[in-house]
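Below you'll find the structure, written out as structure tokens, and then a few comments.
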Amino acid sequence: MPRRKPSKMTPRTGAIGHVCFLLLAALGACVLTSNPTAAATLPAAHVRGGDAGKELSTRIILLGTMGGPVVDSSRSEPAALLVVGGIPYLIDAGASVSQQVERAGFKLVDVRHIFITHHHIDHSAGLVSLMSFVWFQRAWNAISLPPVEIYGPPATQFLVGTALSYLSVSERIFRAGAPALALAAPMFQAHDIDHDGVVYRDANITVTAAENTHYTFSSGSPATGRDKSYSYRFDTPQGAVVFTGDTGPSEAVTRLARGAAVLVSEVCLCLRPPGDGVVPPLGDRRPRMPPKGLRAEEDFHSRHEHLTPEEVGVMAARANAKVVLLTHLAPGNLPTDLAQFTAGVQKHFGGTVIAGRDLLEYDIR
Ligand SMILES: [Zn+2]
Ligand SMILES: [Zn+2]
């Protein structure tokens, strides 16, 4: 009898494999991989667009699942790929996004559409490095493609412009030695979203934005516009996938998620004093009460501008979503007891609830 080879799985990927096994047994419809390079074995046409759009498949790959602007070895900062017909759409760009895209089996130049939910640094700090390496991959390999389309709240154009300014010094140095390298600026097109409704459509997807309740304050400037935080709904041939981004309880997000095949939701083990269910209305843009210090500010943020597991469950049930995929776990550096996140959702939601991990992949077929 041949001896079994020792497993090479790390504890973390082993945990993913365990989740995969449970889900496969429960659903028979979900494909999760513990091998970050598995997708790299797909035929090039499958991941490089072109006629790949004819394929009927929609996958979600969680690239980073940490909640909050912190750096930790257990999880990467928020980012996800929605892969429709082989074409990857990137939602948010946390600090490790460039490496995570490649670990998910894609080249950075495959990413041609980016949707930023809001401009907290945990969701956007990786944008400048991603743009830098996209530029270099394209320029060095003389790859000619249409511009990368970057959608986000007001100030997205401002941030993309400043990213190009940051890149321009390195670009100047590289081009001094290799003048034939293409310029970076024409490779990126930024779009500020200043309204709810359909913001993007192609042969694969229709993207609808809804302003959520993550910001309950007034901020921004005449130069960049009032700051907003969005949730996005992606209608695909296999069903709708809704990314909450960061939000507090929200009627608009609940409506946006109606009938979704998958609700990819943030979740926070935030402390809520008993009876504290008061959420400032979205239209109320009065400045906050002067904070009594950072602690008071932090308490307000966690109470009103994020979702407890129970609140995720209520919203998912009211939206009649089929599956809840939890990401942006806060705090995300907890040990393996992910039931802390899922149990509260399951109190109110009867569908499948999955606690996300980096590079967890979910196929909605
Ligand atoms: Zn966040
Ligand atoms: Zn945020």
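The values are calculated or read from the model by the stated rules, or taken from the named source; none is laboratory data. Note that the coordinates shown come from a computational prediction; the quantities given were computed from them, not determined experimentally. Don't worry about glycine lacking a Cβ; one is built from the backbone with ideal geometry, like all the others, and counts go over all protein chains shown.
When you look at Ile114, is it within 13 Å of Leu359 (Cα to Cα), assigned to a strand (DSSP E or B) and among the β-branched types (Val, Ile, Thr), yes or no?
no
Does the stretch 169-178 include one or more residues that are in contact (Cβ under 8 Å) with a residue 60 or more places away in the chain and not aromatic (Phe, Trp, Tyr)?
no
With respect to the numbered conditions (1) within 16 Å of ligand 2 (Cβ to nearest atom); (2) under 22 Å from Ser170 (Cα atoms); (3) of a type in the set (A, V, I, L, M, F, W, C); (4) buried (at least 23 other Cβ atoms within 10 Å of the Cβ), which one is the sole condition not fulfilled by Ala125?
Only one criterion in (1) within 16 Å of ligand 2 (Cβ to nearest atom); (2) under 22 Å from Ser170 (Cα atoms); (3) of a type in the set (A, V, I, L, M, F, W, C); (4) buried (at least 23 other Cβ atoms within 10 Å of the Cβ) is unmet by Ala125, namely (4).
Answer with yes or no whether Ser73 is modelled with pLDDT of 50 or more, outside any loop (DSSP other than H, G, I, E, B), farther than 23 Å from Pro309 by Cβ and out of contact with any strand residue (DSSP E or B) (no Cβ under 7 Å at 6 or more places or on another chain).
Considered against the rule, which asks whether it is modelled with pLDDT of 50 or more, outside any loop (DSSP other than H, G, I, E, B), farther than 23 Å from Pro309 by Cβ and out of contact with any strand residue (DSSP E or B) (no Cβ under 7 Å at 6 or more places or on another chain), Ser73 comes out as no.
Collect the residues in the stretch 225-244 that are farther than 12 Å from Pro153 by Cα and not aromatic (Phe, Trp, Tyr), keeping them in residue-number order.
Scanning the stretch 225-244 gives Arg233, Asp235, Thr236, Pro237, Gln238, Gly239, Ala240, Val241, Val242, Thr244.
Does any residue in the stretch 242-269 that is closer than 19 Å to Gly332 by Cα come within less than 7 Å, Cβ to Cβ, of a residue that is aromatic (Phe, Trp, Tyr) and within 14 Å of ligand 1 (Cβ to nearest atom) six or more places away or on a different chain, and which pairs are these?
Taking only residues 6 or more apart or on different chains, the pairs are Gly245/Tyr230; Val264/Phe243.
Within the stretch 88-125, can you find the residues that are within 13 Å of ligand 1 (Cβ to nearest atom) and not aliphatic (A, V, I, L, M)?
Asp92, Gly94, Thr117, His118, His119, His120, Asp122, His123, Ser124
Quick check on Ile205: is it away from ligand 1 (no atom under 16 Å from the Cβ), touching a helix residue (DSSP H, G or I) at 6+ places or on another chain (Cβ under 8 Å) and at pLDDT 95 or above?
Taking the combined requirement at face value, the residue does not satisfy it.
Give the number of residues within the stretch 117-160 that are assigned to a loop (DSSP other than H, G, I, E, B), of a type in the set (Val, Ile, Thr) and farther than 15 Å from Tyr89 by Cα.
Number of matching residues: 1.
Restrict the check to the stretch 160-176 and report whether at least one residue is buried (at least 19 other Cβ atoms within 10 Å of the Cβ) and polar (S, T, N, Q).
no
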